[in-house]
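So the structure is just underneath, and the comments pick up after that.
FYI, it's all coordinate maths here, none of it is from the lab. Everything numeric here is computed off the predicted structure, so don't read it as measured data. Here the Cβ positions follow ideal geometry from the backbone for every residue, glycine too, while neighbour counts run over all protein chains shown.
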């Protein structure tokens with residue numbers, strides 16, 4: 001049950017539609033840049049175009065096979081209408097070979113530190129899941145992001161409030177359809193999500209996540225997650241645990257666990273070409289450890305990221321080695337991966 005998708009996202013379109021949408025996106029961006037209206041006279045109101053290209057080649061060490069892949073070709077547009085309202089729209093022309101509409105929301109900021117979102121976005125549950133493809137740290141996502149949280153992009157309403165009690169606190173509450181990506185079905189009641197972040201961006205930080213509701217073939221779906229992180233700008237250490245359970249009409253109550261611990265260290269260089277070298281390491285597992293002592297997959301990932309920009313995750317080459325200590329599925333094999341990341 002662990003590998004079944006929570007929701008089936010709406011996929012696919014013809015090549016003509018892809019080109020049409022890309023043209024409209026570019027036209028909208030250029031219109032914003034060239035606008036002469038006084039509303040857009042300040043640079044902060046000019047739309048920002050965010051593009052992420054993630055391409056890689058993998059070698060299967062168990063079956064002596066290889067493949068090339070365009071993992072992501074993501075376009076995003078975000079900006080401000082005024083001091084109270086902003087927006088974001090994003091699509092991926094190649095998310096594992098499929099076109100998907102991703103973020104599409106409007107944000108209202110009526111008061112300082114208070115944000116209200118209405119639209120589609122990743123459900124704010126799990127920091128690793130919320131990272132964009134360039135910020136994933138590794139070539140392949142963690143088990144939590146790929147399997148436990150898969151399908152948790154939805155249309156909904158969120159209230160996010162930040163305040164300071166000697167340390168920063170960020171509280172988010174939300175309600176979503178529970179029907180998945182770009183799928184606005186009628187529902188009797190929404191699924192609920194909450195997220196609490198305690199701590200600064202630099203230093204120690206703790207996060208708690210809750211999600212409860214219904215999904216297709218899953219009643220009383222409940223997820224709980226806890227995170228701990230430390231970073232000082234060079235060293236980064238993060239761990240996260242997620243427990244997921246639901247009632248299946250055939251199998252009764254089903255439970256999954258997921259856990260990861262990953263880290264990197266940034267060696268800052270002053271060379272003309274290479275600006276940063278970051279050794280990376282991750283251990284993650286998934287299964288039903290709490291109740292049935294079952295491990296579906298247990299993996300160690302070692303790698304190095306080579307950065308060509310002072311700012312991390314914008315221009316990188318990544319080399320990863322994945323060693324599966326245990327796996328119940330044949331799709332999980334030891335791999336070597338070479339990945340190029342370009343973001344602008």
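Structural remarks
- Shown for 142, 43, 94: other C-beta atoms within 10 Å of each C-beta, ranked fewest to most, produce the order 43, 94, 142.
- Relative contact order of the range 93-243, pairs being alpha-carbon contacts under 8 Å that are 6 or more residues apart, as %: 16
- In plain terms, the chain from residue 327 to residue 300 could stretch by 8.5 nm, reckoned as 0.36 nm per residue minus the Cα-Cα distance.
- Gaussian network model of the chain, springs between alpha carbon atoms under 10 Å - residue of 191, 292, 149 with greatest fluctuation: 292
- Estimated at 0.36 nm per residue, the fully extended path between residue 204 and residue 319 surpasses their Cα-Cα distance by 38.6 nm.
- As a proxy for reagent exposure, ranking 333, 301 by other Cβ atoms within 10 Å from fewest up yields 333, 301.
- Each label was represented as a point 7 Å from its Cα along the Cα-to-Cβ direction; for residue 344 and residue 78 these points are 2.0 nm apart.
- If you plug the beta carbon distance of residue 228 and residue 66 into 1/(1 + (r/R0)^6) with R0 = 25 Å, you get a FRET efficiency near 0.10.
- For the options 130, 66, 152, a Gaussian network treatment of the chain with springs between C-alpha atoms closer than 10 Å singles out 66 as fluctuating the most.
- Whether the range 144-191 is rounded, prolate or oblate, judged on the alpha carbon gyration tensor where a/c under 1.5 counts as rounded: oblate
- Distance from the alpha carbon centroid of the range 109-123 to that of the range 67-98 works out to 18 angstrom.
- Helix content alone sets the calculated 222 nm mean residue ellipticity of the chain: runs of n ≥ 4 DSSP H residues at -39500 (n - 2.57) each, divided across all residues, give -2500 deg cm²/dmol.
- Length-normalised contact order of the chain in % [C-alpha pairs under 8 Å, at least 6 apart]: 14
- Among 259, 302, 65: highest mean-square fluctuation, GNM of the chain, C-alpha pairs under 10 Å: 65
- Remark: the residue 87-residue 43 segment gains 14.3 nm on full extension, using 0.36 nm per residue and subtracting the alpha carbon distance.
- Approximate spin-label separation residue 159-residue 273, in nm, with each point projected 7 Å along Cα-to-Cβ: 5.5
- Distance in nm between pseudo-label sites at residue 283 and residue 219 (7 Å out along the Cβ direction from Cα): 4.0
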